[in-house]
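Notes follow once the structure below has been shown.
Nothing in this text is a laboratory measurement; each read-out follows from the coordinates by a stated rule. Note that the structure is predicted; figures quoted are calculated from it, not measured. Don't worry about glycine lacking a Cβ; one is built from the backbone with ideal geometry, like all the others, and counts go over all protein chains shown.
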Amino acid sequence: MALVYLGLGTNLGEKERNLNDAIIFLSQEVGFVIRSSTFYTSKPWGFESDNDFLNAVVLIDTNLTPFDVLSKTQEIEKSLGRTAKTISGYSDRLIDIDILLYDNLIIDQPTLKIPHPLIAERDFVIIPLTEIAPELVHPVFGRKMVELLNR
């Protein structure tokens, strides 16, 4: 079994329901949801929109490989109404599920980068991640999440 941290975000439709539905699907398709952060409101990051985001981080105990988790999260996004991800830049979305961390693995492949390269740059990720795992050590930076939050 492995511990995987996933970042969730939505800025369209019934946002709270979108996150709750994603968490239910994740528990059915990926593994046991150990912990879920508070839902946080944030401004769009990397693009302009009138729609604020609702974000969360969940911790899941899974027996899936990192690439299987990626496949399952993409299937969940589609089943919840997500259209194809944009190739350049960011846009409004019903749901977005990002793999933030998978145990202490470091993966740098074209289709999968773990840890997520922007964890420490995005408050909407580092705040909820620190809420549920303040003492977790980033496998590349060698610093605790709470230290990255207080940078």
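Only one residue in D123, D96, D108 is under 21 Å from E75 (Cβ atoms) and either exposed (fewer than 13 other Cβ atoms within 10 Å of the Cβ) or not polar (S, T, N, Q) (or both), so which one is that?
D96
In segment 52-62, is there at least one residue being under 13 Å from the mean Cα position of the chain (by Cα), among the hydroxyl-bearing types (S, T, Y), on the phi < 0 side of the Ramachandran plot and in a strand (DSSP E or B)?
Among the residues of segment 52-62, not one is under 13 Å from the mean Cα position of the chain (by Cα), among the hydroxyl-bearing types (S, T, Y), on the phi < 0 side of the Ramachandran plot and in a strand (DSSP E or B), which makes the answer no.
I need the full set of residues from segment 27-42 which are touching a residue at least 60 places away in the same chain (Cβ under 8 Å), of a type in the set (S, T, Y) and part of a strand (DSSP E or B), in order please.
Of everything in segment 27-42, those that are touching a residue at least 60 places away in the same chain (Cβ under 8 Å), of a type in the set (S, T, Y) and part of a strand (DSSP E or B) turn out to be S36, Y40, S42.
On the given criteria, is T65 closer than 20 Å to R17 by Cβ, hydroxyl-bearing (S, T, Y), free of Cβ contacts under 8 Å to residues at least 40 places away in the same chain and surrounded by fewer than 17 Cβ atoms within 10 Å (Cβ to Cβ)?
In short, no.
Any idea which residue in segment 111-120 is surrounded by the fewest Cβ atoms within 10 Å (Cβ to Cβ), counting only those that are among the aliphatic types (A, V, I, L, M) and closer than 17 Å to G142 by Cα?
L118
Against the conditions (1) touching a helix residue (DSSP H, G or I) at 6+ places or on another chain (Cβ under 8 Å); (2) free of Cβ contacts under 8 Å to residues at least 12 places away in the same chain; (3) of a type in the set (S, T, N, Q), where does N150 fall short? Just the number, please.
Failed condition: (1).
Let's see how each residue does on (1) among the charged types (D, E, K, R); (2) over 16 Å from V4 (Cβ atoms):
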residue	(1), (2)
G31	no, no
P44	no, yes
E48	yes, yes
F67	no, no
L70	no, no
R82	yes, yes
Y90	no, yes
D103	yes, no
A133	no, no
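Hey, could you check segment 36-50 for residues that are loosely packed, with under 14 Cβ neighbours inside 10 Å and in contact with a helix residue (DSSP H, G or I) (Cβ under 9 Å, 6 or more places away or on another chain) and say which is nearest to E131 (Cα to Cα)?
T38
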